[in-house]
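The values are calculated or read from the model by the stated rules, or taken from the named source; none is laboratory data. Just so you know, these numbers come straight off a predicted model, no measurement behind them. When we count neighbours, we look across all protein chains shown, and the Cβ atoms used for this are built from the backbone with ideal geometry, even at glycine. Only protein heavy atoms, including side chains, enter the accessible area calculation; ligands, DNA and RNA are left aside. Shrake-Rupley method; radii C 1.70, N 1.55, O 1.52, S 1.80 Å.
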Amino acid sequence: MKSISTKKLTMIAMFMALTTVATMVIQIPIPATKGYLNVGDTVVIASALLMGKMAGGLVGGIGSALADLLSGYGYYAPITLVVKGLEGFVAGLLHEKTRLSFVLCGLVGGVVMAVGYLLAEGLILYNFPTAIASFVPNLIQGIAGALLADILYPVLNRAMGEKGAA
């Protein structure tokens with residue numbers, strides 16, 4: 001098993017906390033699903049681009065699920081753990097393994113999140129007509145989060161050095 005440096009572990013924990021706070025600070029309710037829009041995706045995607053797929057998955061899953069638990073949306077937490085974890089993992093994986101621009105990697109991560117919630121809400125929590133009502137807001141959230149992360153990522157990458165926290 002590959003060991004993880006103290007610096008990287010600290011960075012992952014910091015980004016988890018930032019994700020939780022960013023998710024909780026601005027919450028715009030989606031009445032159809034009793035969920036909410038937030039800006040936490042920005043931190044999830046930026047962390048995935050900076051530190052890779054595993055860090056992105058952990059930050060997205062744990063940071064976002066913790067925000068659900070602390071905000072009274074506990075019934076969403078298990079789904080958020082998986083969906084937001086996939087968002088961060090996919091964005092980080094694409095950035096690590098392909099020649100796609102970091103902008104496109106973030107956008108794909110945002111779309112994965114929206115589709116993940118569509119499937120989870122349609123199959124587990126509600127039904128597909130209800131899930132479809134939240135798909136467009138979730139897609140907008142994912143795209144906006146990716147675009148904001150794409151502004152933040154180059155700044156953070158320069159501040160941390162070209163290798164990031166790896």
Say whether the condition of being in contact with an Asp or Glu (Cβ under 8 Å, 6 or more places away or on another chain), within 30 Å of Pro31 (Cα to Cα) and of a type in the set (Ser, Thr, Tyr) is met by at least one residue in region 104-119. no
Could you tell me which numbered condition Thr130 fails, if it satisfies all but one of (1) closer than 13 Å to Lys84 by Cα; (2) open to solvent by less than 40 Å² (accessible area, probe 1.4 Å); (3) β-branched (Val, Ile, Thr)? (1)
Say whether the condition of being modelled with pLDDT under 95 and closer than 18 Å to Tyr117 by Cβ is met by at least one residue in region 9-26. yes
Kindly indicate whether Met51 is open to solvent by 20 Å² or more (accessible area, probe 1.4 Å), closer than 20 Å to Leu152 by Cβ and touching a residue at least 24 places away in the same chain (Cβ under 8 Å). no
Residue under evaluation Leu81, criteria (1) farther than 28 Å from Thr6 by Cα; (2) within 16 Å of the chain's Cα centre (by Cα), criterion not met: (1)
Could you please let me know if Ala32 is open to solvent by less than 10 Å² (accessible area, probe 1.4 Å), among the hydrophobic types (A, V, I, L, M, F, W, C) and farther than 19 Å from Val155 by Cα? no
Matching option when the condition is over 9 Å from the mean Cα position of the chain (by Cα), in a loop (DSSP other than H, G, I, E, B) and surrounded by fewer than 23 Cβ atoms within 10 Å (Cβ to Cβ), among Gly116, Gly72: Gly72
State whether one or more residues within region 95-107 are open to solvent by 60 Å² or more (accessible area, probe 1.4 Å) and among the aliphatic types (A, V, I, L, M). yes
In this structure, does Leu147 turn out to be touching a residue at least 24 places away in the same chain (Cβ under 8 Å), in a helix (DSSP H, G or I) and surrounded by 14 or more Cβ atoms within 10 Å (Cβ to Cβ)? yes
So Ala159 clears everything in (1) at pLDDT below 95; (2) assigned to a helix (DSSP H, G or I); (3) open to solvent by less than 40 Å² (accessible area, probe 1.4 Å) except one condition, right? Which one? (3)
Give just the number: which of (1) part of a loop (DSSP other than H, G, I, E, B); (2) closer than 17 Å to Gln141 by Cα does Thr80 not satisfy? (1)
Out of Gly74, Gly52, report the one residue that is touching an Asp or Glu at 6+ places or on another chain (Cβ under 8 Å) and at positive phi. Gly52
